[in-house]
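Taking it in order: structure first as structure tokens, then the write-up.
The values are calculated or read from the model by the stated rules, or taken from the named source; none is laboratory data. Computed from a predicted structure; not experimentally measured. Using ideal geometry, Cβ is built from the backbone for each residue, glycine included, and neighbour counts are taken over all protein chains shown. To get the accessible areas, we keep the full protein, side chains included, count just its heavy atoms, and leave off ligands, DNA and RNA. Shrake-Rupley method; radii C 1.70, N 1.55, O 1.52, S 1.80 Å.
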Amino acid sequence: MELRVLGCSGGEAEGYRLTGLLVNGVLAIDAGSLTQALSVREQAGIRQIFISHSHLDHICSLPFFTKNIYGHNDVPVEIRALPETLAALRRHLFNDELWPDFSVIPSPDNPIIRYSEIKPGKTYELVGLRITPIPVNHLVPCVGYLVEDDHSAFIFSSDTAETDQVYRVANKTKNLKLFITEASFPNEQAWLAEASKHLTPEKLGRELKKLKPNVQVGIYHLTPGDRPVMLPQIAAINDPRITMLDQDARFSW
Ligand SMILES: [Zn+2]
Ligand SMILES: [Zn+2]
């Protein structure tokens, strides 16, 4: 399995792209940076996009992506997400006001994108991978994802405050190579993390006690301007499994 980190930042600034992962060149998880990180040719190679939740930093490249692949792709790209997330995309984004409705363009029978509802806990076997959504604890309905092939697996928790299910899944996953989870605000902003259902480094440290395997943990979703304060706080968790997830990192298992 080839995993490429297109973006892993909780805010956008020069050098910091929003959340997106690409697996084997064909499966995207979240769409915060498809068009910033990938050539048009690479974008046209994507067949499936699983979205974790409706927040803008996880979907904002979708409109420009649809325009880029128009005429470069003969089968619709499947956009898979919870029903609530798809409803938000229809209502607020591809609504013929902010952007054309590419689920009926050029024709309803052969559109650029096709929406597909996912169910938490169900495993989707697609493009040679197994993808399982796992419910997490965020302001809007949100899922993390377990992605597996026959040799390796990784988990992406997406945005979440304190949660259990994703750790239960991690603890029983064979061949787990990487566990990606978040830290969004410095310890001093615990109130903000609580209000927006995110983690501080301190909260992250408590969460990681639930993770049993000795597996690499990749931290993502820091706010760019808070990195200088947060990096020492993350180091202070003192868990040797912790690494910072790097933009443009590539994993091959
Ligand atoms: Zn969010
Ligand atoms: Zn986010």
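Which residues, taken from segment 33-69, are in contact with an Asp or Glu (Cβ under 9 Å, 6 or more places away or on another chain) and within 16 Å of ligand 1 (Cβ to nearest atom)?
Matches in segment 33-69: Ser33, Phe50, Ile51, Ser52, His53, Ser54, His55, Asp57, His58, Ile59, Cys60.
Checking Leu27 against (1) at pLDDT 95 or above; (2) touching a helix residue (DSSP H, G or I) at 6+ places or on another chain (Cβ under 9 Å), which test does it fail?
(2)
Leu86: part of a loop (DSSP other than H, G, I, E, B) and more than 16 Å from ligand 2 (Cβ to nearest atom), yes or no?
In short, no.
I need the full set of residues from segment 29-61 which are out of contact with any Ser or Thr (no Cβ under 8 Å at 6 or more places or on another chain), touching a residue at least 40 places away in the same chain (Cβ under 8 Å) and farther than 22 Å from Leu146 by Cα, in order please.
Hits for segment 29-61 are Ala37, Cys60.
Specify the residue that is farthest from Arg130 (Cα to Cα); the eligible residues are those in segment 165-206 that are open to solvent by less than 10 Å² (accessible area, probe 1.4 Å) and away from ligand 1 (no atom under 16 Å from the Cβ).
Looking at residues that are open to solvent by less than 10 Å² (accessible area, probe 1.4 Å) and away from ligand 1 (no atom under 16 Å from the Cβ), I get Pro186.
Taking segment 71-83 as the search range and keeping residues that are more than 16 Å from ligand 2 (Cβ to nearest atom) and modelled with pLDDT of 95 or more, which one is most open to solvent (accessible area, probe 1.4 Å)?
Of the residues in segment 71-83, the ones more than 16 Å from ligand 2 (Cβ to nearest atom) are 71-80, 83.
Checking which are modelled with pLDDT of 95 or more leaves us with 76-80, 83.
Values: Pro76: 23, Val77: 1, Glu78: 36, Ile79: 2, Arg80: 30, Pro83: 55 Å².
Among those that are more than 16 Å from ligand 2 (Cβ to nearest atom) and modelled with pLDDT of 95 or more, it is Pro83.
Go over the candidates Phe94, Phe64 one by one and state the one that is over 20 Å from Leu129 (Cβ atoms), among the aromatic types (Phe, Trp, Tyr), open to solvent by 10 Å² or more (accessible area, probe 1.4 Å) and at pLDDT 95 or above.
Exactly one of Phe94, Phe64 is over 20 Å from Leu129 (Cβ atoms), among the aromatic types (Phe, Trp, Tyr), open to solvent by 10 Å² or more (accessible area, probe 1.4 Å) and at pLDDT 95 or above, namely Phe64.
If a residue must be in a loop (DSSP other than H, G, I, E, B) and more than 10 Å from ligand 2 (Cβ to nearest atom), how many such residues does segment 9-58 contain?
16
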